[in-house]
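A.B. asks: Provided herewith is a single structure, encoded as structure tokens, for subsequent inquiry.
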Amino acid sequence: MPSFLLEVGTEELPASFLDNAIQQWRSRIPQSLTENSLTSAAIEIYGTPRRLAVLILGLPTQQPDREEEIKGPPAQTAFKDGKPTKAALKVLLERRA
């Protein structure tokens, strides 16, 4: 599994901001990976007054497949001539929001 490095350059950060940013990355990055069904072998967070970085080791190349059942309008309303109607598109757009 590959590694992923994200490095963010910043203006000079005060030490109190840097500590807060590192704490936020330590809590939010693993949470975000979990929410998106991604696992990792390790997560390393680095910070300096001018740079923040996260190194994610053992990140999968893609999320696992999943199935979702979405209830919407009946097929005869949702499709016309094999193409989605406004009713079908509305359900999909609401689902993304």
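A.B. asks: Conditions first: (1) closer than 30 Å to SER3 by Cα; (2) at pLDDT 90 or above; (3) not hydroxyl-bearing (Ser, Thr, Tyr). GLU68 passes all but one, so which condition is the exception?
C.D. replies: Failed condition: (2).
A.B. asks: In the set LEU5, LEU59, which member is surrounded by 12 or more Cβ atoms within 10 Å (Cβ to Cβ) and within 17 Å of the chain's Cα centre (by Cα)?
C.D. replies: Within the list LEU5, LEU59, the selection yields LEU59.
A.B. asks: Out of ALA15, ALA87, report the one residue that is over 24 Å from the mean Cα position of the chain (by Cα) and free of Cβ contacts under 8 Å to residues at least 24 places away in the same chain.
C.D. replies: Every option except ALA87 fails the conditions.
The values are calculated or read from the model by the stated rules, or taken from the named source; none is laboratory data. Owing to the predicted nature of the structure, the values given are computational and were not obtained by experimental measurement. Methodologically, a virtual Cβ is constructed for each residue, glycine included, from the backbone with ideal geometry; neighbour enumeration extends over all protein chains shown.
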